[in-house]
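Quick notes on the structure that follows.
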Amino acid sequence: MDINRQLIEDKIRDAQYVLVGIGEEFAVKEDGGRTKEKVLQAYKNLSGLLDDKSYFIVTLLTDDLIFGTDLKASQIVAPCGSDMSGNVVTNEHYDESCYLPQWQNYLKWLQNTLNRKLCILELGVGFQYPSVIRWPFEKTGYLNKKADFIRVHSKFPQMSEELKDKGISVGKNPVDILQDK
């Protein structure tokens, strides 16, 4: 098993809560080797890691693949919209009210993590919409003194200065990390 995968498993196992951010590097990209099958397997492996944990997932992806997995839809918020509904953040008439009730559920869940053992896991989150995951997750990690922060990104794994002592940077594609056994 890849040492990075083992490290992620250990941090999740030790946590009371797990906050997961899913970004553009988790999207299907056939020419990049991220086939639909590989992405679905990565979601399945993630689901296995989170099985007995209190978790919430914030995804920037609009492909809706995550909702066809074993991950609990009640624990997922997709603020960028959905390709199936045709309501996507890049559309001229994007209606953000569609995700706001689930965003409120996420914020309530997040309040429960303060001063608790929290594992923050960013999977392929770059700078497409940094105000949705990257910066708020860093702030959560900074404010929660019991948080561990893991950032997995092939190009932008850098950790902020405030998180350097409790953060782990993994410079690999997150789909590949979750494939490793």
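The values are calculated or read from the model by the stated rules, or taken from the named source; none is laboratory data. Every value quoted in this text rests on a predicted model; they were computed, and no experiment measured them. For neighbour counting, all protein chains shown are included, and Cβ atoms are generated from backbone atoms with ideal geometry for every residue, glycine included. Note: areas computed on protein heavy atoms with side chains; ligands, DNA, RNA excluded. Shrake-Rupley method; radii C 1.70, N 1.55, O 1.52, S 1.80 Å.
Run down ASP165, ASP176, ASP95 and say which single residue is within 19 Å of TYR43 (Cα to Cα) and modelled with pLDDT under 95.
Working: ASP165 fails: within 19 Å of TYR43 (Cα to Cα); ASP95 fails: within 19 Å of TYR43 (Cα to Cα).
Just one listed residue meets the conditions, ASP176.
A search for C-beta distances below 7 Å between a residue of region 54-81 that is more than 17 Å from LEU19 (Cβ to Cβ) and without any contact (Cβ under 8 Å) to a residue 60 or more places away in the chain and any residue that is open to solvent by 10 Å² or more (accessible area, probe 1.4 Å) and hydroxyl-bearing (Ser, Thr, Tyr), counting only pairs 6+ apart in sequence or on different chains, returns THR62/SER82; ASP64/SER82; THR69/SER47; ASP70/SER47; CYS80/THR62; CYS80/TYR129; GLY81/THR62; GLY81/TYR94. If I filter region 67-81 for residues that are of a type in the set (Val, Ile, Thr), open to solvent by 10 Å² or more (accessible area, probe 1.4 Å) and under 18 Å from LEU123 (Cα atoms), do I get at least one hit? Looking through region 67-81, at least one residue is of a type in the set (Val, Ile, Thr), open to solvent by 10 Å² or more (accessible area, probe 1.4 Å) and under 18 Å from LEU123 (Cα atoms). The condition of being at pLDDT 95 or above and under 23 Å from PRO130 (Cα atoms) holds for only one of LEU100, LEU19, LEU71, that being LEU19. Note on region 85-108: among residues that are part of a loop (DSSP other than H, G, I, E, B) and touching a helix residue (DSSP H, G or I) at 6+ places or on another chain (Cβ under 9 Å), the one that is most open to solvent (accessible area, probe 1.4 Å) is SER85. Number of residues in region 2-16 that are open to solvent by less than 40 Å² (accessible area, probe 1.4 Å) and not in a helix (DSSP H, G or I) equals 2. Considering TYR142, TYR129, the condition of being surrounded by fewer than 20 Cβ atoms within 10 Å (Cβ to Cβ), over 23 Å from VAL28 (Cα atoms) and among the aromatic types (Phe, Trp, Tyr) is satisfied by TYR142 alone. Can you tell me which residues in region 129-181 are in a loop (DSSP other than H, G, I, E, B), in contact (Cβ under 8 Å) with a residue 40 or more places away in the chain and within 14 Å of the chain's Cα centre (by Cα)? Residues satisfying the conditions are TYR129, VAL132, ILE133, HIS153, ASN173.
So in region 109-120, with the set limited to residues that are of a type outside the set (Val, Ile, Thr), surrounded by 14 or more Cβ atoms within 10 Å (Cβ to Cβ) and in a loop (DSSP other than H, G, I, E, B), which one is modelled with the lowest pLDDT?
The selected residue is LEU114.
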